[in-house]
Amino acid sequence: MSEKQKKVLDEIIKYYENNNSMPTIRYLQKELHYKSTKTVYNHLQQLEKKNYLKRNENNKLVVNNISMKYQDGIKTINILNSTQKISLIIEKNKEYIGFILENNYFIDMHLMKNDILIIEKNKKIKNNQLGLFIIDKKYRIMKYFYQDGFHILKDSEQIILNKIKLIGTVIMVERQIKNDK
């Protein structure tokens, strides 16, 4: 993202946080001191292409992942089981990684194969939460339970352990929808 695009996006998010709606192109032109609305429009198109902005159900541009706390901008995070990366608005002072779900084990949680799970790296997990664990030297997404002094991990199977190696907890899902037009 160019510095000018970042300024446009920063202004959009600032406006959104204060007004709970998206600013107009004219507003952005005035605030950012551009000579024409076409310049703003071109930046918006580039931000949409780069997935910083997306179209909602009414075909209006909105900030992608606006529900996440925006403190120090958009960060690119690595996806563990892929060569690709993903850019998200994420909170500073925390570490995140991505993981592509490789199966449909969590369809009851409305998660599907190829969803990108965003994981906050930490060492705490609660019952019924999904986490990224290392099991037999492999990364696995599993649902966690603690019962009678044992850690119970579930996906297509159930594993009962005395100790677990937790990488982090799933905090968000990014679903890529392909348009076949």
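What does DSSP give for the chain in terms of the percent of beta bridges that are antiparallel, rounded to the nearest 5? It would help to have the intermediate numbers written out before the result.
Working: 37 of 38 bridges.
The antiparallel fraction comes to roughly 95 percent.
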Where does each of 120, 102, 3, 11 land when they are ranked from fewest to most other beta-carbon atoms within 10 angstrom? 3, 102, 11, 120
Value at 222 nm in deg cm²/dmol, rounded to 500, when DSSP H runs of n ≥ 4 in the chain each add -39,500 (n - 2.57): -6500 deg cm²/dmol
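With 15 Å as the cut-off, how large is the P(r) tail for region 3-63, expressed as percent of Cα-Cα pairs?
Numbers: 816 of 1830 pairs.
The answer is 45 percent, as a whole percent.
Among 75, 163, which comes first, second and so on when ranked by fewest other beta-carbon atoms within 10 Å? Walk me through the intermediate numbers first.
Details: 75 16, 163 5.
Lowest count first: 163, 75.
Can you give me the Kirkwood hydrodynamic radius for the chain, using every pair of distinct Cα atoms, in Å to one decimal?
Values: mean 1/r = 0.0542 Å⁻¹.
Result for the chain, one decimal place: 18.4 Å.
Based on Cβ point charges of +1 for Lys and Arg and -1 for Asp and Glu, what charge dipole magnitude is obtained for region 3-63 about its Cα centre, in debye rounded to the nearest 20?
Working: 13 positive and 7 negative charges, 53 e Å.
It works out to roughly 260 debye.
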Once you've got the Cα coordinates, tell me which of 54/138; 7/85; 113/163; 124/163; 121/143 are over 24 Å apart. 54/138; 113/163
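Counting other beta carbons within 10 Å of each residue's own, what order do 43, 151 fall into, fewest first?
Numbers: 43 24, 151 18.
Going from least to most buried by this count: 151, 43.
Read-outs throughout are calculated quantities, based only on the coordinates presented, and are distinct from any laboratory measurement. Remember, predicted model here, so these are calculated numbers, not experimental data. Note that each Cβ is placed from the backbone with ideal geometry, even for glycine, and that neighbours are counted across all protein chains shown.
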